[in-house]
Amino acid sequence: MPQSQPDIQRVDTLVIGAGLIGSSVAMHLARMGVEGVRAIDFDLEGTLSSSELNAGGVRATFTQPVNIAMSKVSIEYFAQVAEEVGYRPCGYLWLHTPESLDRGLRARERQQAMGWQVDAWDVAELRRRVEFIDKVDDLAGALFAPRDGLVNPNTLKQHFRAEARKSGAQFDDRRLVRSAQSGPEGIRVVCDSFAPGVDEETKRAALTGGSAGAGAQVVYLARRVVNCAGPWAPEVARILGYRCPSQPVRRQVSIFDCRDVDLSPYGMIIDTSGVYFHPEATNGLSGFANRDEPPGFNFTYDGEAFFQERIWPALYERSSRFERLRHLTGWAGLYEVSPDESAILGEAPGLSGQDQGRIFEAHSFSGHGAMHSYAAGLALAEKMVSGRYLTIDARPLDCTRFDGGQLLHEGLVI
């Protein structure tokens, strides 16, 4: 028998990718009265998504004004719903050598001018405040931002989705975008639809470019489409007919038993080595961004070897209390990294004719998605509904900056 034609689901705005960013975009559009907002994702649970596989830090301690503003607006919202999203203003502590302290102090001037408190400590004050940091010969001081802190990425995402649904947005699970075609009525997006209970192997195959069996197809006809696909944004961009310059890059995180020190009173601490760590329940969580990591969809965690080679030596050199750390577990997730390690947000580039005003994007947050998520959704929704940014001037994040030589090189990345 001939295969039946798939039903066409007509929507106003189709958000591709329903992690933290996509869920925030859907929430804000629906709150602004846009009817027919539909967010789709291959895996709403987020087993392999960057929204789940991250360290949960939120900070406004950046060098670029737009990045400071995005985090500032987001964190102010997180504070209003702190119990729902697990926000704790436990601070970010940046340790500095003599070589890096001047740069940090210059960034602090901008951060404070934009209304974000950052305290400067000398080594004596650092030792008084954080007693377990007792190997300080290489340090010149530290900077501490008390309103920076931690959030629970999963509960934050669920909060965005719940608020979006209250205002009429819908979320469709197990949808994998395969093709798109623009026409007079809108953009026709064809998705493979997977059955419930997709196993981990199938998920990995589907999300890393391998073959994976799907069931029926689902077709959406949308007036507008938003690319919020995170590490998969370049592929979604290709399907939608434009180019995205970002790349997926593996980042690894270790959980360790810190039996000789109680980290619970502290927030995120960033060592001069680039290793960062913070309390995780009764243990510690630590990560390190390997700048030599090749791009690609690599979800393999290197386990004990990563901890012993990258994490433990740096922590050992910082505290005598870290001499007996024990690796417990960990994971690997993906950053979507733009050429200047700042987000891409706005109308998709290079569009002409009927596609102008139809395709938008919010992705490539380069590890800053959780902390920018609320503001990113707000800014893009304002742009789509009002035609301009109202709360935050996000024009510097437009993708055209890469062709125009106006890069936003962020000086404080982890």
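The values are calculated or read from the model by the stated rules, or taken from the named source; none is laboratory data. Keep in mind that what you see is a predicted model, and the values were worked out from it rather than measured. Backbone-built Cβ (ideal geometry, glycine too); neighbour counts: all protein chains shown.
Could you tell me which of the residues G330, G287, G346 is buried (at least 20 other Cβ atoms within 10 Å of the Cβ) and touching a Cys at 6+ places or on another chain (Cβ under 7 Å)?
G346 is the lone residue from the list that is buried (at least 20 other Cβ atoms within 10 Å of the Cβ) and touching a Cys at 6+ places or on another chain (Cβ under 7 Å).
May I ask you to verify whether R259 is more than 17 Å from S366 (Cα to Cα) and either touching an Asp or Glu at 6+ places or on another chain (Cβ under 6 Å) or surrounded by fewer than 22 Cβ atoms within 10 Å (Cβ to Cβ) (or both)?
yes
How many residues, within the range 295-318, are more than 25 Å from the chain's Cα centre (by Cα), closer than 16 Å to L285 by Cβ and not in a helix (DSSP H, G or I)?
So the answer is 1.
Is it true that some residue in the range 349-364 is assigned by TED's automatic domain parsing to the domain that holds E163, part of a helix (DSSP H, G or I), touching a residue at least 60 places away in the same chain (Cβ under 8 Å) and under 19 Å from A18 (Cβ atoms)?
no
For every residue, the table says whether it meets (1) more than 30 Å from Y92 (Cα to Cα); (2) in a helix (DSSP H, G or I).
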| site | (1), (2) |
| --- | --- |
| V11 | yes, no |
| V25 | no, yes |
| H28 | no, yes |
| A39 | yes, no |
| G46 | no, no |
| A55 | no, no |
| A60 | no, no |
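Determine if the range 142-159 includes at least one residue that is surrounded by 16 or more Cβ atoms within 10 Å (Cβ to Cβ), of a type in the set (G, A, S) and farther than 21 Å from R321 by Cβ.
yes
Just one of D292, D262 is modelled with pLDDT under 95, under 14 Å from C90 (Cβ atoms) and outside any strand (DSSP E or B); which is it?
D262
Report yes if some residue within the range 383-390 is at pLDDT 95 or above, part of a helix (DSSP H, G or I) and within 16 Å of the chain's Cα centre (by Cα); otherwise report no.
No, every residue in the range 383-390 fails to be at pLDDT 95 or above, part of a helix (DSSP H, G or I) and within 16 Å of the chain's Cα centre (by Cα).
Can you tell me which residue in the range 360-373 is surrounded by the most Cβ atoms within 10 Å (Cβ to Cβ), limited to those that are under 16 Å from R395 (Cα atoms), out of contact with any His (no Cβ under 8 Å at 6 or more places or on another chain) and among the hydrophobic types (A, V, I, L, M, F, W, C)?
So the residue we want is A362.
Which condition from (1) part of a strand (DSSP E or B); (2) in contact (Cβ under 8 Å) with a residue 60 or more places away in the chain; (3) not basic (K, R) is the one that A120 breaks?
Every condition holds for A120 apart from (2).
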